[in-house]
Ligand code: 5GP
Ligand code: MG
């Protein structure tokens, strides 16, 4: 199967992603250098796995790395707006600075649910680092915790995107760039 042939257009190339991820890692390194506690980097599975892997290798701080899962995309390209947490943290985040790493913020319901959940575990701050943000589609407002900051790689137009960790029906996560599929692939 030649995945390239399924892609209608590329929105961000491997090189553009590499460059932006380096910038985000530098910002995080600078912002958290004065902290005495090592921040806990928490990737939202599965979509953030490549972004997380590239980001943490460029963060020059002692950090812990963990994953959490929130499932809201039951099928297709539409969220049911009610995420569950079937896979929770291993790291104890009480009193820690948590940086939630997401592939994409869409309606905001996943993040809102994850922030409440991690806040209830006693994190002293919660930041969000998302590769993509679709602000035009926001439905649920979420608030960062403590001195948490919001880091965003790129603003995403209102397309359903795949690649660099992001899937359609569990495929295309291994594309090294981010793109949009041909319409016939989504049906
Ligand atoms: P939200 O809860 O903000 O509506 O959705 C967040 C999650 O939906 C993201 O973490 C991501 O997994 C998924 N999602 C939202 N938009 C897209 C998209 O364009 N492509 C893919 N592959 N997943 C998306
Ligand atoms: Mg996600």
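FYI, it's all coordinate maths here, none of it is from the lab. What you see is a predicted model, and the numbers here were worked out from it, not measured in a lab. Heads up, the Cβs are rebuilt from the backbone with ideal geometry, glycines too, and the neighbour counts pull from every protein chain shown.
On full extension, the segment bounded by residue 124 and residue 140 gains 3.5 nm, given 0.36 nm per residue less the C-alpha separation.
The separation of region 1-77 from region 125-161, counted between C-alpha centres, amounts to 13 Å. For the pair residue 84 and residue 18, label points projected 7 Å from Cα toward Cβ lie 4.1 nm apart. Please state the shape class of region 124-187: rounded when a/c is under 1.5, otherwise prolate if a/b exceeds b/c and oblate if not, all from the C-alpha gyration tensor. Cα axes put region 124-187 in the prolate bin.
Between the helical axis of 49-58 and the longest alpha-carbon principal axis of the chain there is an angle of about 50 degrees.
The length gained by stretching the chain between residue 9 and residue 155 to full extension, at 0.36 nm per residue less their Cα-Cα distance, is 50.9 nm. Relative to the longest principal axis of the Cα atoms of the chain, the long axis of helix 109-119 makes an angle of roughly 20 degrees.
Between 0 and 90 degrees, the angle of helix 14-32 with respect to the longest Cα principal axis of the chain falls at about 10 degrees. Computed from the C-alpha gyration tensor, the three semi-axes of the ellipsoid equivalent to the chain are 27, 19, 14 Å, from longest to shortest. Each peptide in 40-48, 170-178 was scored by the mean count of other Cβ atoms within 10 Å over its residues; highest first, the order is 40-48, 170-178.
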